[in-house]
Amino acid sequence: MKNTILITGGTGYIGSWVTKQLLEKGYTVRLTLRDKKKKKKYQHLEDLASNSTGKLEIWEADLLKEGSYDKAADGADAIIHMASPFTLRFKDAQKDLVDPAVKGTRNVLSAANNSDTVKKVVLTSSVAAVHGDNIDMQEKGLQEFTEEHFNSTSSVSHQPYSYSKVAAEKEAWKMHDAQSDWKLVVINPSFVLGPSLTANSDSESLAFINDMLSGKYQTGAPDLTFGYVDVRDVATAHLLALEKEDAEGRHILAERTASVMDVAEILKKQFGKKYKLPMMKAPKWLLTLIAPMFGLQRSFIRRNVGYPIKLNTTKSKQALGLKYTPLEQTLKEMVEQIEMQK
Ligand code: NAP
């Protein structure tokens, strides 16, 4: 019998692809979600399971409830801990982002400690745990960000999502270092794009592309640079981290870095004038002025707009052996899927 893998966040945008790949490889997947009654959150995964060699088990657990993952971890060989809110539309940063990320990591890793069977934990962190604002690269005198770097500029009040990710990853390393039963491997994806298996995710990945296509940035896009990676490659990286005996440490994932305008240009080449894509860069002074209308902080605009970044992804290619899907293909297939659903 193939190994049993407990996955948190397996119902989400990235998690659904990880679950699919695990099921196709014959694993028993122990999927946790907050509310088992919400069947539409995992119906797509049950459909996938019925056409694959793997087995799907549905368990209920909540990041904020102490001991919530203990039963599900008992008998699991490894844990993929992915659950964490990825949203910019929150009311209370501490309660809505930081607590589920940090307390959740503590709860899930305590379950690993309490089980006699878990030997490996793969944690979905983010490049947001590597750096905070894009200006950090310049301020720290760096040519590029590598796995050695930790975000030191985010806080609950400035870039709270990024803060939630670095605080959670640091908690994971602390708990890892205090024991010797399980190994920790961390995946640090940049901005994830590509087709979605679920129509029920709040992920900002899906919101971003919908905003681009619907004309939100038509009169001017912010001059923001991000790393981008295909959702299917992110899933593959998790499986490689799980299966490779010698996998260790952190892994930055990005096919390339590109500005929002670069992404718009790729989409224009592929889809012509079909969508109200951005026509130009928006001036920074204007963005600073209107930032609150877009739910953004002025300090975010000041420290990110106009500052390119470089991400070193050598380790993901050499140590994990990950091969990246070109951004052009990722975008094309993501938009084609959205069109099919209309
Ligand atoms: P998503 O679709 O919103 O998935 C989030 C998952 O977290 C859902 O499965 C949700 O499960 C679970 N979750 C949220 N709050 C929870 C709570 N209180 N208790 C239990 N489960 C909870 O987001 P995603 O884009 O796939 O992101 C997944 C992970 O990747 C996150 O850790 C995110 O930080 C990381 N990441 C994402 C990106 C990106 O660009 N998308 C980049 C880097 C890293 P329920 O079914 O219970 O709602």
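Got the relative contact order for segment 4-341 handy, in percent, Cα pairs under 8 Å and 6 or more residues apart?
18
Kirkwood Rh, Cα Rg: Rg to Rh for the chain?
A ratio of 0.95.
Could you give me the radius of gyration and the Dmax of segment 185-342, taking only the C-alpha atoms into account and expressing both in angstrom?
In Å, with Rg to one decimal and Dmax whole: 16.7, 51.
Beyond 19 Å, what share of the Cα-Cα pairs of segment 4-136 remains, rounded to the nearest whole percent?
It works out to 50 percent of all Cα pairs.
Fewest to most neighbouring Cβ within 10 Å: what's the order for Lys25, Lys2?
Lys2, Lys25
Hey, what does the equivalent ellipsoid look like for segment 32-101, semi-axes from the Cα gyration tensor as sqrt of 5 times each eigenvalue, largest first, whole Å?
So the equivalent ellipsoid measures 25, 17, 11 Å along its semi-axes.
Applying the Karplus parametrisation 6.51 cos²θ - 1.76 cosθ + 1.60 with θ = phi - 60° to the phi angles of segment 117-130, what ³J(HN,Hα) value in whole Hz is obtained for each residue in order, glycine and proline being reported as x?
10, 5, 10, 9, 10, 9, 9, 8, 9, 6, 5, 5, 8, 8
To the nearest 20 debye, what is the magnitude of the charge dipole of segment 62-214 about its Cα centre, counting +1 on the Cβ of each Lys and Arg and -1 on the Cβ of each Asp and Glu?
So the magnitude is around 200 debye.
Answer rounded, prolate or oblate for segment 24-72, using the Cα gyration tensor with square roots of eigenvalues a ≥ b ≥ c: rounded when a/c is under 1.5, else prolate when a/b is larger than b/c, else oblate.
Note, shape of segment 24-72 comes out oblate.
For the chain, with the dipole built from +1 on Lys and Arg beta-carbon atoms and -1 on Asp and Glu ones, taken about the Cα centre, which of Leu193, Thr313, Val102 lies farthest toward the positive end?
So the residue we want is Leu193.
Would you work out the Kirkwood radius for segment 149-239? I mean one over the mean of 1/r across all pairs of different Cα atoms, in Å.
16.0
Filter Lys140/Lys323; Lys274/Lys342; Lys2/Lys37 down to the pairs with a C-alpha to C-alpha distance above 19 Å, please.
The answer is Lys140/Lys323; Lys2/Lys37.
If I build a Gaussian network model for the chain, linking alpha-carbon pairs within less than 10 angstrom, which residue out of Asp35, Asp233, Asp223 has the largest mean-square fluctuation?
Result: Asp35 has the largest fluctuation of those listed.
Any idea what angle helix 231-243 forms with the longest principal axis of the chain, computed on alpha-carbon atoms, 0 to 90 degrees, nearest 10?
Once rounded, one gets 30 degrees.
Among bridges DSSP assigns within segment 4-341, what percent are antiparallel (round to 5)?
10
Per residue of segment 171-180, what does 6.51 cos²θ - 1.76 cosθ + 1.60 with θ = phi - 60° give for ³J(HN,Hα)? Whole Hz please, x for Gly and Pro, Karplus curve as stated.
Using θ = phi - 60°, the values come out as 4, 4, 5, 4, 5, 4, 5, 8, 9, 9 Hz.
Any idea what angle helix 99-114 forms with the longest principal axis of the chain, computed on alpha-carbon atoms, 0 to 90 degrees, nearest 10?
So the helix axis and the longest Cα principal axis differ by about 20 degrees.
A short reminder: the numbers here are calculations on the coordinates, not readings from a lab. Remember, it's a predicted structure, so these values are computed and weren't measured experimentally. When we count neighbours, we look across all protein chains shown, and the Cβ atoms used for this are built from the backbone with ideal geometry, even at glycine.
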